[in-house]
Amino acid sequence: MRTQVGIVGAGPAGLTLGRLLELAGIESVIVEARSREYCEARIRAGVLEQGAVDLLREAGVGERLEREGLVHHGISLQFDGERHRIPLSDLAGGRSIVIYGQTEVVKDLIAARLQSGLPLLFEAQEVSVHDLDSARPRIRFRHEGVEQELECDVVAGCDGFHGSCRASIPVGVLREFSREYPYGWLGILASVAPSIDELVYAHHERGFALLSLRSPTLSRYYLQCRPDENLDEWPDERIWEELHIRTGVEGWTLEEGPILEKGVTGMRSYVCEPMRYGRLFLAGDAAHIVPPTGAKGLNLAIHDVRTLAEALVRFYERGDESLLDAYSDACLRRIWRCEHFSWWMTTMLHLPPNADPFDLQLQRSQLRYVTTSQAQATALAENYVGLETV
Ligand code: FAD
Ligand code: DHB
């Protein structure tokens, strides 16, 4: 088999790249380890920046997003039992965010690719990449019991944080930066109308909590927990009880409903530089991870592949590799901005395991400052909705 761009991974990064290349008339094959059902059901992000929404719309996969996505113009920060609204759009030049599940983005992209009849191979086994420092890199895998070798001009490593592409780069090439946090998020999806109109990020002495949503009938709520928290210790009643305590404010009630899904996610920050080795280009979580507090991971993944697609178009149209050479640096500026923002939001809102009263007072002071100073609130807002230039 031969193609122009071999894409490893059918998450938001790989699927969006495939779509952008399709529109530019560049061939690709997407090779994915999991099943279609698994990819479409994996509940993760829910907040899209304006730039990501615009890109999906321009790529012709924004129809349902436009119909069902919920446009939000603000979020609230809660501390000391009070909510303080940050009017994102007023502070950030009219830009907004859209609430639309990553599951839905992935479903729309998969449907579009299959509709176009383009290769998207699910349940590929033993996926490995080879000859990355040559002009003919290869992807090997087994599909439906048959060993396959896909010869490409370029390989896009869009296989997430635990994928095999980054791990195939020889030792010593990458510079890695990382930070582990002593926090996890216990997330639930509940079949109940959200009790809030906009997202609420709540600081509490028992730990952080986040109130989010997916639709007018689906609520998505999170509780700070240990990264290795045992879900068996969290029957539904305990989750609701803890959500009531951490998010409670006078005159407001959190409505409960059947919990459809629950899971625990650990948190880390990670960046590798450069995001390239020879003809392998890493994009999305394969190259960087942020803690979820700033809602940046999915948005960064989409930004990476927009940059990579532009570079590949230049390469195929003019034989000019300059944008490919500039790809990593061009992405890393935004990535580091988001790394800082996500770290800042995380440290401002989460309770450190051995927090002393000094830590809590610093957090409260920071929160008070962000919610009373226009300059601080603007800094939060423009990062949250996504900076146009970095
Ligand atoms: P992934 O989505 O991880 O996709 C990688 C794909 O590659 C997967 O389908 C995987 O099965 C496949 N794969 C792996 N290994 C191989 C292999 N060897 N061969 C072939 N295929 C392989 N981000 C936001 O922007 N906003 C949010 O609100 C937000 N909230 C989040 C909440 C939670 C609880 C979590 C966990 C994450 C959240 N994120 C958020 C982050 C966001 O989900 C990720 O950044 C995003 O999924 C990255 O997309 P990706 O395509 O790079 O990687
Ligand atoms: C959601 C996830 C986030 O990480 C975040 O910051 C806001 C919302 C969500 O899943 O809805």
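Against the definition (in a strand (DSSP E or B), touching a Cys at 6+ places or on another chain (Cβ under 6 Å), more than 30 Å from residue 88 (Cβ to Cβ) and away from ligand 2 (no atom under 13 Å from the Cβ)), how does residue 176 come out, yes or no? Walk me through it before giving the result.
Numbers: in a strand (DSSP E or B): yes; touching a Cys at 6+ places or on another chain (Cβ under 6 Å): yes; more than 30 Å from residue 88 (Cβ to Cβ): yes; away from ligand 2 (no atom under 13 Å from the Cβ): yes.
When the stated conditions are applied, residue 176 passes them.
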* To do: Select from the stretch 310-328 the residues that are in contact with a strand residue (DSSP E or B) (Cβ under 8 Å, 6 or more places away or on another chain) and farther than 17 Å from residue 23 by Cα and write down the one among them that is surrounded by the most Cβ atoms within 10 Å (Cβ to Cβ).
  => 327
* Taking the residues in the stretch 134-152 that are of a type in the set (Asp, Glu) and in contact with a strand residue (DSSP E or B) (Cβ under 7 Å, 6 or more places away or on another chain) as candidates, determine which candidate is nearest to residue 13 (Cα to Cα). => 151
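Just to check your reading of the model, which residue among 29, 61 is modelled with pLDDT of 95 or more and within 26 Å of residue 164 (Cα to Cα)? Full working, then the answer.
Values: 61 fails: within 26 Å of residue 164 (Cα to Cα).
From the options 29, 61, the qualifying one is 29.
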* Scan (1) under 29 Å from residue 78 (Cβ atoms); (2) among the hydrophobic types (A, V, I, L, M, F, W, C); (3) at pLDDT 95 or above for the single condition residue 312 breaks and write down its number. => (1)
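So which strands (runs of 3 or more DSSP E) are wholly in the stretch 54-93 and hold at least 1 residues that are at negative phi and among the acidic types (Asp, Glu)? Steps first, answer last, please.
Values: elements: 70-72, 75-79, 82-86.
The strands (runs of 3 or more DSSP E) meeting that bar are 82-86.
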* To do: Please list, ordered by first then second residue, the pairs with beta carbon atoms under 8 Å, 6 or more apart or interchain, first in the stretch 4-33 and in contact (Cβ under 8 Å) with a residue 40 or more places away in the chain and within 16 Å of ligand 2 (Cβ to nearest atom), second small (Gly, Ala, Ser) and not in a loop (DSSP other than H, G, I, E, B).
  => 11/284; 11/301; 12/284; 12/301
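If you go through the stretch 317-345 one residue at a time, how many are more than 15 Å from ligand 2 (Cβ to nearest atom) and touching a helix residue (DSSP H, G or I) at 6+ places or on another chain (Cβ under 9 Å)? I'd like the intermediate steps shown before the answer.
First, pick out the residues of the stretch 317-345 that are more than 15 Å from ligand 2 (Cβ to nearest atom): 317-337, 340.
This time we only want the ones that are touching a helix residue (DSSP H, G or I) at 6+ places or on another chain (Cβ under 9 Å), so: 320-327, 330-331, 334-335, 337, 340.
Residues that pass the stated criteria total 14.
Given 144, 104, which one is charged (D, E, K, R) and within 16 Å of ligand 2 (Cβ to nearest atom)? Lay out the reasoning, then the answer.
Numbers: 144 fails: within 16 Å of ligand 2 (Cβ to nearest atom).
So the residue among 144, 104 that is charged (D, E, K, R) and within 16 Å of ligand 2 (Cβ to nearest atom) is 104.
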* Asked: Which pairs have Cβ atoms under 6 Å, sit 6 or more apart or on different chains, and link a residue in the stretch 135-164 that is in a loop (DSSP other than H, G, I, E, B) to one that is of a type in the set (Lys, Arg)?
  -> 137/279
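Does the stretch 1-31 hold any residues that are outside any strand (DSSP E or B) and within 14 Å of ligand 1 (Cβ to nearest atom), and which are they? Let's see the steps before the verdict.
Here is the first cut: in the stretch 1-31, the ones outside any strand (DSSP E or B) are 1, 3-4, 9-27.
Result: 9, 10, 11, 12, 13, 14, 15, 16, 17, 18, 19, 20.
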* Structure fact -> For the stretch 188-205 the number of residues that are assigned to a loop (DSSP other than H, G, I, E, B) and farther than 21 Å from residue 98 by Cβ is 5
* Given (1) part of a strand (DSSP E or B); (2) touching a Leu at 6+ places or on another chain (Cβ under 9 Å); (3) touching a residue at least 24 places away in the same chain (Cβ under 8 Å); (4) over 30 Å from residue 385 (Cβ atoms), number of the condition residue 185 does not satisfy -> (4)
* Structure fact -> When restricted to 217, 293, the only residue hydroxyl-bearing (Ser, Thr, Tyr), surrounded by fewer than 21 Cβ atoms within 10 Å (Cβ to Cβ) and either away from ligand 2 (no atom under 13 Å from the Cβ) or farther than 30 Å from residue 321 by Cα (or both) is 217
* Structure fact -> Residue hits (the stretch 258-290; within 16 Å of ligand 2 (Cβ to nearest atom), surrounded by fewer than 24 Cβ atoms within 10 Å (Cβ to Cβ) and either outside any strand (DSSP E or B) or polar (S, T, N, Q) (or both)) are 265, 269
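The values are calculated or read from the model by the stated rules, or taken from the named source; none is laboratory data. Small disclaimer: the values here were computed from a predicted structure and weren't measured. Backbone-built Cβ (ideal geometry, glycine too); neighbour counts: all protein chains shown.
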